[in-house]
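The values are calculated or read from the model by the stated rules, or taken from the named source; none is laboratory data. All values derive from a computational prediction rather than experimental measurement. Cβ: placed from backbone, ideal geometry, glycine included. Neighbour counts: every protein chain shown.
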Amino acid sequence: MNRRQEARRADYARYKRDVKQRGKPFFPYAMFHDTVMSLLVVCVIVALAVIWKYSTPHEDPSSSGWLGKLYDEKADPGTTNFVPRPDWYFYFLFYLLRIFKWPNSVILGTVGIPTILLILALVIPFIDVRRERRLIRRPIAIVGAVLVALSMGVLTYKGATAKEPLGAELLADVPNWVKTEKLPAAALPGAKLFATSGCLNCHTYNGAGGSQLGAPDLSAEGSKNKGISFQIAHLKCPSCVNKGSPMPSFADFGDANLRKLAIFLEASKGPK
């Protein structure tokens with residue numbers, strides 16, 4: 001029997017002796033208390049949610065109830081000026097999406113690195129079983145914790161201060177599109193709508209855009225000769241036209257705006 005096993009057995013025997021003399025074991029006493037307290041917290045949250053929901057007048061959800069309003073205005077899926085942002089505790093992951101681009105490395109940044117760090121955090125207590133708690137005697141653990149905290153802080157700050165492309169900035173690309181693609185005047189309203197309605201968050205067009213989730217480049221979409229009707233139907237229900245398409249529906253844009261987008265896409269034959 002090696003020294004580590006002897007030390008662990010001695011520590012366990014000391015723990016049992018201390019519990020018998022001065023206290024109660026963690027299981028089941030402390031664990032039961034934690035379970036009861038967690039259940040109490042959940043019940044309080046549920047009760048507050050119910051009060052918030054049902055104390056608001058149903059005929060006017062924008063008026064205040066006991067705990068405030070349900071919402072100010074209904075969500076508008078057809079908006080062209082709203083920039084979605086994650087909650088603050090996801091800013092670090094939000095910024096990782098800017099560093100790791102689709103499709104080659106985005107899985108590494110969004111799933112791989114956080115998963116690796118989580119696994120390391122879970123296995124460290126099983127690897128380092130020393131009873132030493134003084135910080136100066138645990139340099140590797142302290143350096144690792146500081147680096148993780150520092151990187152999370154920097155990524156959170158960068159994600160919080162990251163600027164999204166605004167409509168005015170994206171509209172500046174439209175004259176270049178017209179010149180490069182030789183777009184007709186009828187396609188100009190659709191080009192402006194395309195630039196400001198969030199299409200470039202996923203698609204690319206003449207070098208602009210994000211190319212997320214494998215969304216195709218639309219610079220030469222019109223060369224496929226799919227037709228105006230097809231483009232409108234696809235914008236209204238992408239998954240109906242292309243099975244399994246992750247693209248959301250833009251039916252709330254209205255028929256007039258969808259037609260503008262369709263004319264623009266059909267006029268996009270690629271750089272001339």
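Among the conditions (1) of a type outside the set (A, V, I, L, M, F, W, C); (2) within 28 Å of the chain's Cα centre (by Cα); (3) within 23 Å of Leu188 (Cβ to Cβ), the only one that Pro248 does not satisfy is (3).
Residue-wise test of (1) in a helix (DSSP H, G or I); (2) more than 18 Å from Glu132 (Cβ to Cβ); (3) touching a residue at least 12 places away in the same chain (Cβ under 8 Å); (4) polar (S, T, N, Q).
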{"residue": "Ala7", "(1), (2), (3), (4)": "yes, no, no, no"}
{"residue": "Lys16", "(1), (2), (3), (4)": "yes, yes, no, no"}
{"residue": "Val19", "(1), (2), (3), (4)": "yes, yes, no, no"}
{"residue": "Lys24", "(1), (2), (3), (4)": "no, yes, no, no"}
{"residue": "Pro28", "(1), (2), (3), (4)": "yes, yes, no, no"}
{"residue": "Thr35", "(1), (2), (3), (4)": "yes, yes, no, yes"}
{"residue": "Leu39", "(1), (2), (3), (4)": "yes, yes, no, no"}
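For segment 140-175, the candidate set comprises residues that are among the small types (Gly, Ala, Ser) and under 18 Å from Pro86 (Cα atoms); within that set, the residue that is modelled with the lowest pLDDT is Ala162.
Asn206 fulfils the conditions (1) more than 28 Å from Val106 (Cα to Cα); (2) of a type outside the set (Val, Ile, Thr); (3) touching a helix residue (DSSP H, G or I) at 6+ places or on another chain (Cβ under 6 Å) except for a single criterion, (1). Looking only at residues that are among the basic types (Lys, Arg) and surrounded by 13 or more Cβ atoms within 10 Å (Cβ to Cβ) in segment 135-161, which one is farthest from Thr110 (Cα to Cα)? Ranking the qualifying residues of segment 135-161, first place goes to Arg138. Would you say Thr196 is out of contact with any helix residue (DSSP H, G or I) (no Cβ under 9 Å at 6 or more places or on another chain), hydroxyl-bearing (Ser, Thr, Tyr), surrounded by 14 or more Cβ atoms within 10 Å (Cβ to Cβ) and not assigned by TED's automatic domain parsing to the domain that holds Leu97? No, not satisfied. Put simply, of Lys269, Lys243 the only residue that is surrounded by fewer than 16 Cβ atoms within 10 Å (Cβ to Cβ) and among the basic types (Lys, Arg) is Lys243. Looking only at residues in segment 219-240 that are surrounded by fewer than 16 Cβ atoms within 10 Å (Cβ to Cβ) and aliphatic (A, V, I, L, M), the one that is farthest from Ala195 (Cα to Cα) is Ile228.
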